[in-house]
1. Please give the charge dipole size of region 16-230, origin at the Cα centre, charges +1 on K and R Cβ atoms and -1 on D and E Cβ atoms. Round to the nearest 20 debye.
2. Rounded to the nearest 10 degrees, what's the angle between the helix 347-364 long axis and the longest principal axis of the chain, both from Cα atoms, 0 to 90?
3. How would you classify region 63-182 from its alpha-carbon gyration tensor, with a ≥ b ≥ c the square roots of the eigenvalues: rounded for a/c under 1.5, else prolate if a/b is greater than b/c, otherwise oblate?
4. Helix 58-67 sits at what angle to the longest principal axis of the chain, using alpha carbons and giving 0 to 90 degrees rounded to 10?
5. Check F154: other-chain or 5+ apart residues with amide H under 5 Å from its amide H, H built from backbone geometry?
6. Counting helices only, and only those DSSP H runs with n ≥ 4, report the 222 nm mean residue ellipticity of the chain as the sum of -39,500 (n - 2.57) divided by its residues, in deg cm²/dmol to the nearest 500.
7. Which one, E351, E255, E112, has the greatest fluctuation when you compute a Gaussian network model over the chain with C-alpha springs under 10 angstrom?
8. Using a/c under 1.5 as the rounded threshold, could you call region 327-411 rounded, prolate or oblate? The axes a ≥ b ≥ c are square roots of the C-alpha gyration tensor eigenvalues, and prolate needs a/b larger than b/c, oblate otherwise.
Amino acid sequence: MKLLTGDWDKPNSWALDTYKASGGYKALPKALKMQPQQIVEEVVKSNLRGRGGAGFPTGMKWTFVRKETSFPKYLVVNADEGEPGTFKDREILLKSPHMFVEGLVIGCYAVECHRTYVYCRGEFRDSAMKRLQTAIDEAYAQGYFGKNILGSGFDLEAHCVFGAGAYICGEETAMLESIEGRKGYPRLKPPFPANAGGGLFKQPTAVNNVETLANMPPIINLGGDEYSKIGLVPKNGGTRLYAVSGHVKKPGVYEAPMGISFRKLLDDYCGGMREGSTLKAIIPGGASSAIITAEEADWASDFDTLKAKKTMAGSGAVVYFDQTVNMAHALANVMRFFAHESCGQCTPCREGTAWLSRLLDKIVAGKGAKLDVDNVHQIARQMEMKTICALADGAAMPAKSYIEKFRADFDALVRG
Ligand SMILES: Cc1cc2nc3c(=O)[nH]c(=O)nc-3n(C[C@H](O)[C@H](O)[C@H](O)COP(=O)(O)O)c2cc1C
Ligand code: SF4
């Protein structure tokens, strides 16, 4: 079922006319006739889980924001899309920006936000964000944005903010710092962004991913219960956009029911592995997730199943590796990224990611010993749950799992 991508193959899928011809902007007047609290209740029923990485229930997050008595309240959109392997938010903004805009207005109405900020990586300035800006301008002209939207009395203005390319600015509190004009350093939590004192300009703030918000029109149109049933696993509603890359015949962004197995995603959507390729390993949810093996490809891809299996659904970036890949090389690559992107505030992360990267580079250069492999695992364990934000855990998880599941690849490169 295509809830978000139905228009993507049409010419000018991004145009206002195309969106309206397929039922676009019908959810907004319906939503504006509901009480904001009713919208939140539908979102709770929908079992929509945040698509940015953590999979937090969106309805619950909005409930927290609504409970706060301090105004103004904000909704900040996370369009940073920094997790390696992830390229689905860009596609939404390029191919169906109006669906996102409609979802954004509904979300802002639900949390009573009158000024929203869209935080986007600078690389998208001349592509996805241009499309988004055009869509926002068109929405203003049509009365879907701005003062007294569709005569409802609800006012909303939007501001687009560009990051300068730091992965850490996708972490929600670093993003708030960046929007406020400071260096992108994650904040200590609590207070959380949803609560007074923790959000944008210290006000209650819902931070939401682009895809999360793009799901609002289908939720309002279908109703929360119907939307929830589309997901294959309880408490994981709707469809998900999987950004698939690696040694598959047809890499791309695929919309599939939330919780589809990695095997089915590969065979039914991506045309299977390339000629001559045999599946060896899968990154299930972006570079920060623990790797899984070909034998584990039947696992469901939802947030709860993968958490129980000690990995994560993360940002929906799925990478299929074939037999030609030595996983030590793959891990060295991943770790160079994390070492480069650590913001440096916490010693276990700053020193740990750099140390792991140095050791892995030594191993793949053929200069390592078995003890170095053991040390990579040991250092990764010491980094867990000790830092201000989840970047360190996101570096430790692949480090541990690549070694636990593919130790032979590491041993093949080292001396006794
Ligand atoms: C290091 C790091 C980078 C992140 N990068 C992104 C990102 O690029 N885009 C995103 O939507 N969420 C990212 N997140 C998750 C956000 O902190 C936050 O959970 C998310 O934007 C909330 O939106 P959601 O509930 O709709 O998923 C990142 C988290 C961490 C720890
Ligand atoms: S865990 Fe790493 S990225 Fe996150 S705040 Fe600490 S040093 Fe910065």
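1. So the dipole magnitude of region 16-230 works out to roughly 280 debye.
2. Compared with the principal axis, the helix lies near 50 degrees.
3. Oblate, since a/c reaches 1.5 and b/c is not below a/b.
4. Relative to the chain, helix 58-67 is tipped by roughly 60 degrees.
5. N148, I149
6. Only helices count here, giving -12500 deg cm²/dmol.
7. Checking each option, the largest mean-square fluctuation is seen for E351.
8. prolate
A short reminder: the numbers here are calculations on the coordinates, not readings from a lab. The shown structure was predicted, so the numbers you read here are calculated from the model rather than taken from an experiment. So basically every Cβ, Gly included, is an ideal-geometry build from the backbone, and we count neighbours across all protein chains shown.
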